[in-house]
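Student: Just dropping this structure here.
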Amino acid sequence: MRWEFKRMAKILKKIKDPRQPWKVWHNLVEILMICIIGITAGADSSYKIYLFAINREEWLKKYLTLEHGIPGRLTIERVLAVIDPKAMEKAFISIMRLAQKSSKGAVVAIDGKAFFSNRNEDGSVNIFYMVGAWCTANGVALGQVQVKEKSNEITAIPELLKYLGIKGATVTIDAIGCQKKIVEQIIKEKKANYVIALKENQSTMYNEFLAYGQDCIADPMLSSKYSTLTTLEKGHGRIEKRKYYLFTDIAWFADRDNWAGLTGFAMVRSTRQVGKKEPSSETRFYITSLSNIESVAEAIRNHWGIENSLHWVLDTAYNEDDAATKKSTTAANLAHLRRLTTNLLRSDTSSLSIPNKRYQCALNTAYLEQVLFSSPLFS
């Protein structure tokens, strides 16, 4: 194996090969490397990965040993079906830490996404969830953890945080992450800050802040209790106005000492006008360890961007919403590999979209080499 792949291969070697040794014909790490390269070049299934490999066999031999040639379609499919997704999950996080630069000042969004896994005989599909962490500045995935149900995200978030190097970053999470143990982990263990959505799952805190915030805004004499920031965004026939409020006087909140690092509550009132339709409005609430309204606003805005743009890329460029497979383990392992290849493609500085980068990688091995080897994952 060429030196360019050795950093990643060293981590992939830690994945236990569950195959019976006397039946193994193709090296596990090389099969996984073929999968990574194939998905980067547009392959969205084990069969398409195989088709890519047999058509690029001579090129692949420049970088892989391939002692017994290209593994068959069924071999690739079986490998993806038997590898423990938890092992793949840990390998993915370790690989991303190879390339992760200092996170100080960065916004790291933690968010869940639903996936179709296996198709049933009646045509229905089963669903599993991934909780992922994303660097919002460049959309790079830092890690992800699989859960069976959305309600299990509460236990998955601490597990994901445990593996992330996010000292100095600001972590953003939806309301499901508004838990005392999670904010304590962010502040005390990870040495980071947080901006976390507040909803009625924390009913006492939510209701008390709602009443306090509304009273302060309604009374001009209490304007010193909060700071504000207004933004206006226009584009594609849409106008969106957001007004941010940050309340850093929290002496009224009796339970404040039990929420590690808590320095304030934030509120965002959004008004959206699309074309000639009636404007819509929404108000959201947050808890935070930040004391600067500009930083709070940036964190909230960036979290929304991950929900809207990055998930859209995964759904459109990789057809994840239509990528149901026969095995749930295959679906989970392919999801990890897609995140890894998304990071490779995003680190390429060309102006092409992610779908067009993948297409160009399939057509042009020189461009594929550029995407692979200009990334810090291989350098």
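A short reminder: the numbers here are calculations on the coordinates, not readings from a lab. Quantities reported herein were computed from a predicted structural model and do not represent experimental measurements. Quick reminder, even Gly has a Cβ in these numbers, built from the backbone with ideal geometry, and neighbours come from all protein chains shown.
Student: Mind computing the radius of gyration and Dmax over the alpha-carbon atoms of region 257-308? Å is fine for both.
Tutor: Answer for region 257-308, Rg first and Dmax second: 14.0, 48 Å.
Student: Also, quick follow-up: Run the numbers on region 124-213 and let me know its relative contact order in percent, using alpha-carbon pairs under 8 Å that are six or more apart.
Tutor: 21 percent
Student: How much FRET efficiency would the formula 1/(1 + (r/R0)^6) give for E294 and K234, where r is the Cβ-Cβ distance and R0 is 22 Å, rounded to 0.05?
Tutor: Numbers: r = 20 Å, r/R0 = 0.93.
The calculated FRET efficiency here is 0.60.
Student: Here is a follow-up. Using Cα-Cα distances under 8 Å and only pairs 6 or more residues apart, what relative contact order does the chain have, in percent?
Tutor: RCO, the chain: 20 percent.
Student: Got a sec? How would H236, H303, H26 order by Cβ neighbour count within 10 Å, fewest to most? Numbers along the way, then the final one.
Tutor: On the way: H236 6, H303 26, H26 19.
In increasing order of surrounding Cβ atoms, one gets H236, H26, H303.
Student: Right, next: When the Cα atoms of the chain are enclosed in a convex hull and the volume is divided per residue, what value in Å³ results?
Tutor: 157 Å³
Student: Would you work out the charge dipole size for the chain about its Cα centre, treating the Cβ of every Lys and Arg as +1 and the Cβ of every Asp and Glu as -1, and quote it to the nearest 20 debye? It would help to have the intermediate numbers written out before the result.
Tutor: On the way: 52 positive and 39 negative charges, 222 e Å.
I would put it at about 1060 debye.
Student: Suppose R0 equals 45 Å; then what is the FRET efficiency for L74 and V274 from their Cβ-Cβ distance, rounded to the nearest 0.05?
Tutor: E between L74 and V274, to the nearest 0.05, is 0.35.
Student: I would also like to ask the following. Based on the Cβ-Cβ distance of K181 and Q214, what FRET efficiency does E = 1/(1 + (r/R0)^6) give at R0 = 25 Å, to the nearest 0.05? Could you put the intermediate results ahead of the total?
Tutor: On the way: r = 29 Å, r/R0 = 1.18.
Once rounded, the FRET efficiency stands at 0.25.
Student: Counting Lys +1, Arg +1, Asp -1, Glu -1, what net charge surrounds K241 among other residues with beta carbon under 12 Å of its beta carbon?
Tutor: +3
Student: Name the residue farthest towards the positive end of the dipole of the chain from the options Q20, I95, G69, assuming +1 on Cβ of Lys and Arg, -1 on Cβ of Asp and Glu, about the Cα centre.
Tutor: G69
Student: What residue among F253, S270, F285 has its Cα farthest toward the positive end of the dipole of region 189-285, where the charges are +1 on Lys, Arg and -1 on Asp, Glu, each on the Cβ?
Tutor: The one lying farthest along the dipole's positive direction is S270.
Student: By how many degrees, 0 to 90 and rounded to 10, does the Cα axis of helix 293-305 deviate from the longest principal axis of the chain?
Tutor: Helix 293-305 and the main axis of the chain meet at about 40 degrees.
Student: Next question, about the same structure. What is the distance, in nm, between label points placed 7 Å from the Cα along the Cα-to-Cβ direction at V82 and at I250?
Tutor: Distance between label points: 5.1 nm.
Student: From the residues C35, S223, V108, which one has its Cα farthest along the dipole of the chain in the positive direction, the dipole being from +1 and -1 charges on Cβ of Lys/Arg and Asp/Glu about the Cα centre?
Tutor: The listed residue farthest towards the positive side: C35.
Student: Right, here's the next one. Tell me, in nm to one decimal, what length is gained between S374 and I127 on full extension, where the rule is 0.36 nm per residue of separation less the Cα-Cα distance?
Tutor: 85.4 nm
Student: Can you compute the helix-only [θ] at 222 nm over the chain? Use -39500 (n - 2.57) per DSSP H run of at least 4 residues, normalise by all residues, nearest 500 deg cm²/dmol.
Tutor: On the way: 14 runs with 150 residues, N = 379.
Mean residue ellipticity at 222 nm (helix-derived): -12000 deg cm²/dmol.
Student: Considering only C-alpha atoms, what is the centroid distance from region 23-37 to region 52-80, in Å?
Tutor: 7 Å
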